[in-house]
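Okay, structure first, notes after.
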Amino acid sequence: MGESFAAINNVADLALLAALASARFAMAFLLLPILAQDTVPQMVRAAIFLSFGVITLAVQPLVVVDSFSVGDWIGLFAKEAFIGLALGLLLAAVLWAFDAAGEVVDGASGMGMAQIVDPLSGRQTSLSGAFLGRLAVYVFMFSGGLMLWVGVLMESFVLWPLAQPGLAIKQGGVTLFESAFAQFAGLTFMMAAPALVVLYAIDLSLGLMNRYAPQLNLISISMSLKGVAAVGVWLVMLGTLVRTLINHVAELMPTILRQVQGLL
């Protein structure tokens with residue numbers, strides 16, 4: 001048993017500490033399309049986060065809770081939630097980019113009107129967005145990204161211990177969120193660009209054909225043609241998309257703690 005467990009005699013205090021240690025994991029997974037409510041029951045998700053919290057609590061230094069007031073507990077929970085959100089945002093930006101790239105291409109091809117509810121994200125998305133979003137989650141899981149992510153969250157307790165008082169956000173910390181959204185936008189455009197080029201080339205070709213043969217009704221076939229072309233581009237790029245995600249996750253995981261440390 002860890003020092004934190006050995007020094008706590010009150011079951012209520014132990015439950016509060018376990019919930020406090022689980023808060024960082026719960027908030028970090030909140031932004032990710034992993035362990036969503038529509039795919040994993042709420043009780044199972046709570047049990048997973050609580051198990052992570054108990055393991056973390058067992059290896060934490062001695063936490064003296066006798067002197068904690070209600071305000072102290074609220075401050076600690078707020079600190080854990082903020083750290084979890086900051087860590088989750090950096091990884092979520094990479095996974096969101098795949099979904100966004102699919103929606104951008106579907107909007108350009110005219111297939112954006114076909115919306116479905118994605119159970120992984122719990123919101124409406126286009127067909128290509130759902131396909132790429134699920135591809136990103138599956139690749140992240142089978143490539144060992146989930147184990148790396150849990151390891152990063154547990155290592156974060158070394159930099160920000162459980163009983164550490166409230167944190168002060170540094171003046172230049174806003175650059176962390178700017179870099180996350182810049183990475184999201186850049187990765188989205190990079191993945192959508194090949195399909196967009198093909199779609200614009202099709203529009204140009206059909207426009208020239210309609211210019212010299214106005215009697216042809218090309219509008220009726222343009223949407224179907226662009227939809228087939230978009231799907232073909234995704235299939236050709238499938239291997240590249242998988243390597244892109246693996247490379248971005250491999251580059252992000254070793255540096256994510258340093259990036260958040262620059263914020264706090």
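The values are calculated or read from the model by the stated rules, or taken from the named source; none is laboratory data. Remember, it's a predicted structure, so these values are computed and weren't measured experimentally. Here Cβ is always computed from backbone atoms with ideal geometry, including for glycine, and neighbour counts include all displayed protein chains.
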### Query
Would region 207-225 turn up any residue that is under 30 Å from the mean Cα position of the chain (by Cα) and not charged (D, E, K, R)?
no
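Which one is farthest from the chain's Cα centre (by Cα), of the residues in region 157-206 that are within 18 Å of Ser128 (Cα to Cα) and of a type in the set (Ser, Thr, Tyr)?
The qualifying residue farthest from the chain's Cα centre (by Cα) is Tyr200.
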### Task
Pairs only if they're at least six apart or on different chains, beta carbon under 9 angstrom, first in region 10-24 and free of Cβ contacts under 8 Å to residues at least 12 places away in the same chain and more than 22 Å from Leu85 (Cα to Cα), second of a type in the set (Ser, Thr, Tyr) and surrounded by 19 or more Cβ atoms within 10 Å (Cβ to Cβ); list them, first residue then second.
Leu14/Ser4
### Summary
Per the list (1) of a type in the set (Gly, Ala, Ser); (2) over 19 Å from Val137 (Cβ atoms); (3) modelled with pLDDT of 85 or more, residue check on Ala250 breaks on (2)
### Task
Specify which of the listed residues (Leu153, Leu146, Leu187, Leu199) is within 30 Å of Gly239 (Cα to Cα) and in contact with a Ser or Thr (Cβ under 7 Å, 6 or more places away or on another chain).
Leu199
### Message
Between a residue in region 204-221 that is farther than 20 Å from Ala108 by Cα and any residue that is in a helix (DSSP H, G or I) and not acidic (Asp, Glu), which pairs come within a Cβ distance under 8 Å, given they are 6 or more apart or on different chains?
### Response
Leu216/Met209; Leu216/Asn210
